[in-house]
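Report on the structure given below.
The values are calculated or read from the model by the stated rules, or taken from the named source; none is laboratory data. Please read all numbers here as calculations on a predicted model, not as lab measurements. Methodologically, a virtual Cβ is constructed for each residue, glycine included, from the backbone with ideal geometry; neighbour enumeration extends over all protein chains shown. All accessible areas refer to the heavy atoms of the entire protein, side chains included, with ligands and DNA or RNA removed. Shrake-Rupley method; radii C 1.70, N 1.55, O 1.52, S 1.80 Å.
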Amino acid sequence: MSREVQFECALPNGIHARPASALEEVTRNFSAETSLINERTGYTANAKSVLAIVGADIRQGDRCRLVIGGRDADEAWVALRHFLQHKFPHCDVSLPGPVTMSDEIGELPRLLRQAGGRIHPGKPVVNGIGHGRLRRGQGLHLSKNIPLRNGVDVEAEVRRLDAALAALGAEYEIQLRRQEASLGRDLLKAHRAMARDPEFWAYLHESIRKDSCSIAGAVLATEAHFSKQLIHTGQALLRERVLDLHDVCFQLLQQVYGSAAVSEQLNLTEATILVAEALTPNQLLSLDRRHLRGLILGMAGETSHTVILARSFGIPTLTGVVSLGQEPGLGTEAILDGECGLLVTEITGAVRRYYELERRRLTGRQRWLRRFARPELRSTDGTTIRVGANITAAVEAEVARSAGADEIGLFRTEMLFLDRATPPTEDEQFAEYQRAVRAMEGRAVVIRTLDIGGDKPLTYLNLPVESNPFLGYRAVRLYPEFETLFRTQVRALIRASAFGQLKLLIPLVSLVEEVQWARRIIREEQEQLRSAGVRLDPMMSIGAMIEVPAAAFSLDALGRELDFFSIGSNDLLQYFAAADRTDQRLSRHFDPLHPAFLRLLHQIATTAQAAGKPVGVCGEMSGRLECVPLLMGLGLERSSVAISRLAPIKAEVTQWSVAAARELATRALACATAAEVRRILAEATTRRTTKLFGPDLVIVDSDSASKEEVIKEVTDRLYVTGRTAQPRLVEAALWQRESVYATGFGHGFAIPHCQTDFVQLDSLILVKLREPVEWKGVDGEPVGVVLLLVMRETGTAREHLKIFSQLARRLMDEKFREQLRHENDPETLCSILKCSLRE
């Protein structure tokens, strides 16, 4: 009797190679025959064949069935149900999309447009800029000495093929054991699944036996057959799997024929932009990346494995460069612009100059952010706002400290317990926690005890499948059943507490009794270790995650048991709004700016402070720039964010006073909708006129050689200092204004200006040029000093006119002009401007 499992494919990219290989891994553990049926197309695939699965063209929303028959069908049915409920939704990778220049303004940057050079438009799939010489990569190319037809001993050729396939499978197993990165492991698993695919093997055998092919001929025929199937699905994502198939075939040929399978090994010896119709992941991995400056791929998309690897290595990459043709001029110098989606050849001096300015922009931004990579930055009124880092492994603590983390605000310990047959030992855990504590050199390390169960199963705990895992048996709720597991982790944490400031955090608390039970266990373990003479911190702080509304309304009682609180904003909002945060259809409900949620946060902060208990935030909300003043104003003066967000968040903290943040929060709490909250946030940002200018917006001794370069330099400075994320759109707005009338004021001064919401802060930039440039002003004289005014469009028309008029009046004064001409100290120039705008 057959069993059946029905499911709907929820993966945004459908079932491609990686999800297919995950499904294949389950089915191949059973002798039962399993068929996968796509009800939309009616296609039936062998669920033990990854090629057949991806060929079934299963897309998001497709209804599917798994029909299982055979001796162990019942066991296979249980395993497949568990897989579909718990692993299948997570076996794809969410990929960030690139930012394209064409999306921003639909045309080339003005300076580049005037620079000459030959432009080849393409689609950027990895951002960045690379400069090198073009070189064409090699595809799968057989030596002429290898015959495509066999005619001697068919069965001997089949045995030779089977041996090569077995060797290839073993080679993938070895690589899997060596590979640590999850993405790399997924890639290797997908390739291994293809190499052991029964339909792949069958087609190879058939080509040898029926068509008298040699192994080489059979591999080429098999690759062509399955590539055609994938391409005919019409899905870009499945077409990209051709590269994976190509890679497996390439590796198989190497197993049989050795290096003779490839006519030329690509050896990079200088800065290179590689052009390849198809580049397999392994071919990319084999390249010397010290010399690889960019990739131009014909057959690849944003989700191809080759592109995923390129993105992780930071290699700028384009696809779809149609105008390049088959012979791109090998050896030609070129610049690959992954920001705008261009390849530039026939490089002129002006092109070279444009990309020198681009290099300054990108390195300037990195340098500016590094200023905030230090601990204990303060708000404008002197309040210390602590910004910590979220980590999942001790090795990250060293990176976080270097990036300026005030503390480790959340160390998730689950990674220690996953992907293994048994839990980590006490000594294993102690070594990991001790390393993190030592790395932070006395700064606090908040370590959350195991948050597992529910939607995060551990196979060795044998937890039952739950119908609603997000609301289920998880974290502190399962500690009593697995007391030994909890005690082991607690002992490791207590031992590590002797080496620094370790704080223990209990997840998913909703009952006071849960905390009382956990505290008793901790107390008992502390007593036992102390009796055994083990060093420990007897004052180790113990806190709780506030991620369940019940806990938020029990803070008084919880505060009598605990030392601190940490708000998990993701789960708390999910439970508070009854909205699954992974469901895009509910994104309107899962909005941290909803006034009701802000009121809940305010109540938590107020209650905790009244009880004298520190409280912070460690969810995604804390990493969003627009939420920084709100959290400060609500009384939440500690946050923990991803390491990459430390510098931007710290930079934002320094822009606000606590008093202004409180005023803003008070207004937000009175709003009725999230849209109203967003509006007052935008208005508050606009009102920060005290930051209209500063020393970092003063450029002296500028080497800009034209009006176009000046405009680019000032908009790039806005980007570098975090005042805009879209400098080219600000530049476009300025040029739009200049097209109405030139802003040359006369006397060698210009006041270009515009209003645009593409800046986050109203800004005034002063540029003093090394050599005056033509501006086409009122007196026709070249301009040596530029005052550029950019104001937000929302609600600032009067302010814009007021400041512009003040500047214009002051520039009528020869004494004022002389001050600006002759003073070169940025601080003094700011004082001069500040006084002039007050008059």
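Being more than 17 Å from residue 411 (Cβ to Cβ) and in contact with a Phe, Trp or Tyr (Cβ under 7 Å, 6 or more places away or on another chain) is the filter here, so list the residues in the range 523-554 that pass it.
Residues satisfying the conditions are 546, 548, 549.
When the residues of the range 36-60 are narrowed to those that are open to solvent by 10 Å² or more (accessible area, probe 1.4 Å) and in a strand (DSSP E or B), which ends up nearest to residue 10 (Cα to Cα)?
Going through the qualifying residues, I end up with 37.
Going by the conditions given, is residue 561 open to solvent by 40 Å² or more (accessible area, probe 1.4 Å) and either over 28 Å from residue 598 (Cβ atoms) or touching a Cys at 6+ places or on another chain (Cβ under 9 Å) (or both)?
Here the answer is no, as residue 561 does not meet what is asked.
So residue 741 fits all but one of (1) in contact with an Asp or Glu (Cβ under 7 Å, 6 or more places away or on another chain); (2) surrounded by fewer than 17 Cβ atoms within 10 Å (Cβ to Cβ); what number is the exception?
Of everything listed in (1) in contact with an Asp or Glu (Cβ under 7 Å, 6 or more places away or on another chain); (2) surrounded by fewer than 17 Cβ atoms within 10 Å (Cβ to Cβ), residue 741 misses just condition (1).
Between a residue in the range 545-557 that is free of Cβ contacts under 8 Å to residues at least 60 places away in the same chain and of a type outside the set (A, V, I, L, M, F, W, C) and any residue that is in a loop (DSSP other than H, G, I, E, B) and open to solvent by 40 Å² or more (accessible area, probe 1.4 Å), which pairs come within a Cβ distance under 9 Å, given they are 6 or more apart or on different chains?
Matching pairs, first to second residue: 554/511; 556/611.
Does at least one position in the range 762-778 carry a residue that is in contact with a His (Cβ under 8 Å, 6 or more places away or on another chain) and either over 28 Å from residue 647 (Cα atoms) or free of Cβ contacts under 8 Å to residues at least 12 places away in the same chain (or both)?
no
Check whether at least one residue in the range 100-122 is at pLDDT 85 or above, in a strand (DSSP E or B) and open to solvent by 60 Å² or more (accessible area, probe 1.4 Å), and report yes or no.
Scanning the range 100-122 turns up at least one residue that is at pLDDT 85 or above, in a strand (DSSP E or B) and open to solvent by 60 Å² or more (accessible area, probe 1.4 Å).
Among the residues of the range 391-431, write down those that are more than 22 Å from residue 544 (Cβ to Cβ), among the charged types (D, E, K, R) and assigned to a helix (DSSP H, G or I).
396, 398, 401, 426, 427, 428
Give the residue, chosen from 659, 732, that is of a type in the set (A, V, I, L, M, F, W, C), open to solvent by 30 Å² or more (accessible area, probe 1.4 Å) and more than 29 Å from the chain's Cα centre (by Cα).
Answer to the selection: 659.
Taking only pairs six or more apart or across chains, which ones have beta-carbon atoms under 7 Å, a first residue in the range 407-419 that is closer than 22 Å to residue 375 by Cβ and open to solvent by 10 Å² or more (accessible area, probe 1.4 Å), and a second residue that is among the basic types (Lys, Arg) and assigned to a loop (DSSP other than H, G, I, E, B)?
Every condition considered, the pairs that remain are 407/443.
Would you pick out the residues in the range 710-762 that are closer than 15 Å to residue 792 by Cβ and of a type in the set (Asp, Glu)?
Once the filter is applied, which keeps residues that are closer than 15 Å to residue 792 by Cβ and of a type in the set (Asp, Glu), the range 710-762 yields 757, 762.
Does the range 493-506 include one or more residues that are more than 23 Å from residue 406 (Cα to Cα) and either in a loop (DSSP other than H, G, I, E, B) or among the aliphatic types (A, V, I, L, M) (or both)?
The answer is no, given that none of the residues of the range 493-506 is more than 23 Å from residue 406 (Cα to Cα) and either in a loop (DSSP other than H, G, I, E, B) or among the aliphatic types (A, V, I, L, M) (or both).
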